[in-house]
1. Is it the case that A:Arg55 is under 15 Å from the mean Cα position of the chain (by Cα), at pLDDT 95 or above and of a type in the set (D, E, K, R)?
2. For the range B:42-52, state whether one or more residues are surrounded by 16 or more Cβ atoms within 10 Å (Cβ to Cβ), polar (S, T, N, Q) and within 13 Å of chain A (Cβ to nearest Cβ).
3. Within the range B:64-97, can you find the residues that are away from chain A (no Cβ under 14 Å), part of a strand (DSSP E or B) and not aromatic (Phe, Trp, Tyr)?
4. Filter the range B:39-67 down to the residues that are of a type in the set (Lys, Arg) and modelled with pLDDT of 95 or more and list them by number.
5. Among (1) out of contact with any Ser or Thr (no Cβ under 6 Å at 6 or more places or on another chain); (2) among the hydrophobic types (A, V, I, L, M, F, W, C); (3) within 14 Å of chain B (Cβ to nearest Cβ), where does A:Val32 come up short?
6. Are any residues in the range B:1-19 part of a strand (DSSP E or B) and open to solvent by less than 70 Å² (accessible area, probe 1.4 Å), and if so, which ones?
7. Search the range A:17-55 for residues being under 17 Å from A:Ser94 (Cα atoms) and of a type in the set (D, E, K, R), and hand back the single one that is least open to solvent (accessible area, probe 1.4 Å).
8. Quick check on B:Thr26: is it more than 11 Å from every other protein chain (Cβ to nearest Cβ), touching a His at 6+ places or on another chain (Cβ under 9 Å) and either surrounded by fewer than 16 Cβ atoms within 10 Å (Cβ to Cβ) or hydroxyl-bearing (Ser, Thr, Tyr) (or both)?
Amino acid sequence: DSGVTQTPKHLITATGQRVTLRCSPRSGDLSVYWYQQSLDQGLQFLIQYYNGEERAKGNILERFSAQQFPDLHSELNLSSLELGDSALYFCASSVQTVGGTEAFFGQGTRLTVV
Amino acid sequence: DQQVKQNSPSLSVQEGRISILNCDYTNSMFDYFLWYKKYPAEGPTFLISISSIKDKNEDGRFTVFLNKSAKHLSLHIVPSQPGDSAVYFCAASGTGQGGKLIFGQGTELSVKP
C-alpha cells in the first residue's frame, strides 16, 4: 500500500460527458502529480500541484483541468470526453529526498469512454 | 519528443539468471533517475533510484548503473525470480523540473521458471 488513494477505481461513461477523478496523497506529501497511461503507452505526465498551486504542466488537454484543495487532496476533471480519453489515470505524491524526488503512486482509475 | 526511452518492449529471462533492463535519456538536465515496477491493475511501485553524482546504486538483488556520458542507465536483477515478472519503467527528473518524473515506455519482463 503506497498510501496514495484514488477513487473511483473504475469509471464508464459516454462521450461528451464530464467526470471527476479524486486523489488523496500520502500523509505529509505536498506534491500531487497526475499521469495518463493509454493502451500500450508509457506514463504521460499531465500536471503537478504543490501545496495548492500548479507547479508544472505536461501534455494536458484543454478539456482537462485539475486542482489541489487545502487538505491537499486533488481532483482531475475531464470534460467533453472522447473515446480516445479511455485510459488509466494515475495520481502520485512525492517526498523530496537528498538526491531527488521519489513519487508514490495510487492504484489508478480506469476510465472507459463508450 | 521522447526524452526517456526504453527501446525493448519485452524481455524474457530464465529464473536464476540476470535480467538487464536498459534506458536512454536525451535531456542533460536530468539528474535523478528511478526505476518503477508495475503489475497489471496496480499502480507503479518505486524500486530503486540513483543520483547523477553516482554511477551505481545497489539494493539487494537490484542494481542500477548510470553512464552519464552515454546518457544511459540500466537495471540489473540478480538472480531473477518469477515474481519479478512485471513491467519496468525508468523515470528521470531534473533540477528545475519541479520534481515531475518523465517516464519511458516500459519493458515487460517475463521470468520463466
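1. Taking the combined requirement at face value, the residue does not satisfy it.
2. yes
3. Hits for the range B:64-97 are B:Asn67, B:His72, B:Ser74, B:Leu75, B:His76, B:Ile77.
4. Matches in the range B:39-67: B:Lys56, B:Arg61.
5. Of (1) out of contact with any Ser or Thr (no Cβ under 6 Å at 6 or more places or on another chain); (2) among the hydrophobic types (A, V, I, L, M, F, W, C); (3) within 14 Å of chain B (Cβ to nearest Cβ), only one is false for A:Val32: (1).
6. If the condition is that a residue be part of a strand (DSSP E or B) and open to solvent by less than 70 Å² (accessible area, probe 1.4 Å), then B:Val4, B:Leu11, B:Val13, B:Ser19 are the ones that fit.
7. A:Asp29
8. Judged against the criteria, B:Thr26 is not a match.
The values are calculated or read from the model by the stated rules, or taken from the named source; none is laboratory data. All values reported here derive from a predicted model rather than from experimental measurement. A quick note on method: Cβ atoms are made from the backbone with ideal geometry, for glycine too, and the neighbour counts reach across all protein chains shown. Accessible surface is based on the protein model in full, side chains and every heavy atom, while ligands, DNA and RNA are left aside. Shrake-Rupley method; radii C 1.70, N 1.55, O 1.52, S 1.80 Å.
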